[in-house]
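The values are calculated or read from the model by the stated rules, or taken from the named source; none is laboratory data. The shown structure was predicted, so the numbers you read here are calculated from the model rather than taken from an experiment. Here the Cβ positions follow ideal geometry from the backbone for every residue, glycine too, while neighbour counts run over all protein chains shown.
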Ligand SMILES: Nc1nc2c(ncn2[C@@H]2O[C@H](COP(=O)(O)OP(=O)(O)OP(=O)(O)O)[C@@H](O)[C@H]2O)c(=O)[nH]1
């Protein structure tokens, strides 16, 4: 059974179903309640790896409420599904034919993409030594079989809460608190990925730096709090202008923003940035102390490059910075793009 077929069952009555019958993994989603967690819009994913069908069914029924449950009937399938779905939590049996739970966790912890996924062992090997060994291998918790349903639910809840908090903190660390767009740190991480992606695929990347004109005098005229509000308005407006999912705007620092448009040629980028530049003035945020307009305006420098081996994204930023300087020097409220 394919994942998408399974997902199509979202609105059907919830019931547990075992993959071993079809020799395929099964994904169960129960969205009768709000499936969205505190962060993101995805329901949490739990992968259950157990060779005993009854255990899989019971655990699935216990845990599926508001979550996506993925079932694997042995270690090999568990590893494959962990890599594919990157679940928020893995419940892992220890004794299974073929790859044991201990081997599975070792493999997970040695793979950069899965090493951060918390694992709870659920096992009938219940001596203190067994438990210590499981925890030493990197499990966050150890549940003994036969398990008590309420204990499983409580422990899973605890681990997922920790995961949620961790993800929330990670996310907050990448967002600018004033404007609520991405911050410089996010940009630094993102640009590396985008740069490498465009290099691999020989695609153009367009980058622009945007700076609010005469913002010092805006603060002087209207006060710092109004300056903050203007920054928020400008950031929100530009964010809404960017339509493609991989286009990003981040606060680069102070009253400066950076826009990254992957897989975008110079003509398209120039058009997008020119529209943004004009639309900021059309917002009509009063700026009486500006020398060039009654309203808040921005200057934009930009360049487009197909990443090559010898070039780096820092070099692209250097070029863009020169064009921002030119936009300022030529009278502001304009876009200067590398020809
Ligand atoms: N209100 C507010 N002001 C900020 C913030 N970050 C930077 N600024 C202000 O932005 C102003 C930037 O001033 P300058 O670098 O001189 O630039 P400018 O006055 O915009 O002049 P040009 O860029 O040449 O048009 C400084 O007065 C900073 O204090 C912020 O978070 N909130």
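Key figures for this structure:
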read-out: Cross-chain or 6+ apart pairs with Cβ under 7 Å, the stretch 135-148 first and in the same structural domain as residue 104 (by TED's automatic domain parsing), then in a loop (DSSP other than H, G, I, E, B) and surrounded by 16 or more Cβ atoms within 10 Å (Cβ to Cβ); value: 140/118
read-out: Candidate set: the stretch 200-219, residues that are more than 16 Å from the ligand (Cβ to nearest atom) and crowded, with 17+ Cβ neighbours inside 10 Å; chosen: the one farthest from residue 276 (Cα to Cα); value: 204
read-out: Flag if residue 156 is assigned by TED's automatic domain parsing to the domain that holds residue 65, buried (at least 20 other Cβ atoms within 10 Å of the Cβ) and away from the ligand (no atom under 15 Å from the Cβ); value: yes
read-out: Pair list, Cβ under 7 Å, 6 or more apart: the stretch 223-248 residue assigned by TED's automatic domain parsing to the domain that holds residue 304 and within 7 Å of the ligand (Cβ to nearest atom), other residue at pLDDT 95 or above and assigned to a helix (DSSP H, G or I); value: 227/215; 227/218; 227/219
read-out: Selection status of residue 108, in a helix (DSSP H, G or I), closer than 17 Å to residue 47 by Cβ and out of contact with any strand residue (DSSP E or B) (no Cβ under 6 Å at 6 or more places or on another chain); value: yes
read-out: Candidates 72, 82, 76 - the one that is modelled with pLDDT of 95 or more and under 27 Å from residue 168 (Cβ atoms); value: 82
read-out: Some residue of the stretch 189-208 being without any contact (Cβ under 8 Å) to a residue 40 or more places away in the chain and within 14 Å of the chain's Cα centre (by Cα); value: yes
